[in-house]
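K.L.:
Before we start, here is the structure in question, set down as structure tokens.
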Amino acid sequence: MVSYVINNGPRPVAPATRERVLAAIKELGYRPDRVAQAMASRRTDLIGLIIPDARQPFFGEMAHAVEQAASERGKMVLVGNTDYVGEREVHYLRAFLGMRVSGLILVSHALNDLAAAEIEAWDARVVLLHERPEAIDDVAVTTDDLGGAELAVRHLLEHGYEYVACMGGIAETPAVGDPVSDHVEGWRRAMDDAGISTEGRLFEALYNRYDAYQAALKILSGPERPPAIFCSTDDQAIGLLRAARELRIDVPGELAVAGFDDIKEAALADPPLTTVASDRSAMARAAVDLVLDDGLRVAGARRERLKVFPSRLVTRQSCGCA
């Protein structure tokens, strides 16, 4: 009877009986043995979260949102950083699954075949968050990356700039389901719709501000400096703004800039950064709810469980808005 109260089942307990058991637990100072419970159920109160790099503000904010959503469901979160390395992703997959986590939330830049096979072998509960790699066909929670990028680029063009250049990722590593690839495609579509050429106007940079800063110094010092640049991430845009400031290029007077993600720093950038936002809290809550859903792996339900959250343009001063 006591175990039914502590574990909320599997059999129902009358309200009066439940109250007496809970009162006795409080009086005796009883604490459940979580290890023993996990051994009995072969599942813990843990959720594994695998992300590329928590040092990047977007992923740090996303991890915090997942932790908050998990706490609301009585779960704790284990976090592993892959540093965009496939072997580290497999390492954390094996480690977390070996700990019998309740489920995995995976933010994977380009899930490799070995990692996909590991998930299949464990028959794990997995929800893909933010990115949807081609190597695994599982439930996913994403945002409208392509549409959001189009919004930002069209907004820049509406300011009257001759064209908008794009700071994308590294050309050697495009991936299906990768948000940055969708951001670049959204830029191309907006430019094509406006009848403007994209040739020679896509620049490579890693996603963080430090490498983007170095790339921006070369771009902005070149003979044909773009009048406006759309960056695939806010981190890139912040690096670009730093480079522009060092080169004494006025933003937005001589150069307009827009980013994507709406990290908290975007509002404090100099000037404040125009960007594209998504509801990370709602996305995190949806991912946690999905990964704890007992019907997650029901045949035929996967397509219905793809959740795409809308993107929203946030205008600030870096694009030329007052």
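K.L.:
Using the beta-carbon distance between residue 322 and residue 289 and R0 = 51 Å, what value does 1/(1 + (r/R0)^6) give for FRET efficiency, to the nearest 0.05? Present the calculation step by step, with values, prior to reporting the outcome.
P.N.:
Numbers: r = 40 Å, r/R0 = 0.79.
Working from the Cβ atoms, E equals 0.80.
K.L.:
Got a sec to turn the phi values of the range 91-106 into Karplus ³J(HN,Hα) couplings, 6.51 cos²θ - 1.76 cosθ + 1.60 with θ = phi - 60°, whole Hz, x for Gly and Pro?
P.N.:
Result, ordered by residue: 4, 6, 4, 5, 5, 5, 5, x, 7, 6, 4, 5, x, 10, 10, 10 Hz.
K.L.:
For labels at residue 23 and residue 84 in the simple 7 Å Cα→Cβ model, what's the distance in nm?
P.N.:
Rounded to a tenth, the inter-label distance reads 6.1 nm.
K.L.:
Is the C-alpha gyration tensor of the range 162-263 telling us rounded, prolate or oblate? Criteria: a/c under 1.5 is rounded; beyond that, a/b larger than b/c is prolate, otherwise oblate.
P.N.:
Values: a/c = 1.67, a/b = 1.20, b/c = 1.39.
Oblate.
K.L.:
Protein chains only, probe 1.4 Å: how do 187, 122 rank by accessible area, largest first? Walk me through the intermediate numbers first.
P.N.:
Values: 187 0, 122 95 Å².
Heavy-atom accessible area, descending, gives 122, 187.
K.L.:
Which length gain, in nm to one decimal place, applies between residue 221 and residue 312 when the Cα-Cα distance is subtracted from 0.36 nm times their residue separation? List each step's numbers first, then the result.
P.N.:
Details: separation 91, 0.36 × 91 = 32.76 nm, distance 3.19 nm.
Gain on extension, residue 221 to residue 312, equals 29.6 nm.
K.L.:
Using a basic spin-label model with each label point 7 Å from the Cα along Cα→Cβ, how many nm lie between residue 268 and residue 249?
P.N.:
2.5 nm
K.L.:
May I pose another question? Please work out whether the range 188-322 counts as rounded, prolate or oblate from its C-alpha gyration tensor, where a ≥ b ≥ c are the square roots of the eigenvalues and a/c under 1.5 means rounded, while otherwise a/b larger than b/c means prolate and anything else oblate?
P.N.:
Working: a/c = 2.48, a/b = 2.03, b/c = 1.22.
Here the range 188-322 falls in the prolate category.
K.L.:
Find the accessible area per residue for the range 182-242; the probe is 1.4 Å, ligands and nucleic acids are left out, and the unit is Å². Could the numbers behind the result be given before it?
P.N.:
Working: 2830 Å² over 61 residues.
Accessible area per residue: 46 Å².
The values are calculated or read from the model by the stated rules, or taken from the named source; none is laboratory data. Since the model is a prediction, treat every value here as computed from it, not as a measurement. When we count neighbours, we look across all protein chains shown, and the Cβ atoms used for this are built from the backbone with ideal geometry, even at glycine. For the accessible areas, the whole protein counts, side chains as well, though only heavy atoms, and no ligand, DNA or RNA atoms are used. Shrake-Rupley method; radii C 1.70, N 1.55, O 1.52, S 1.80 Å.
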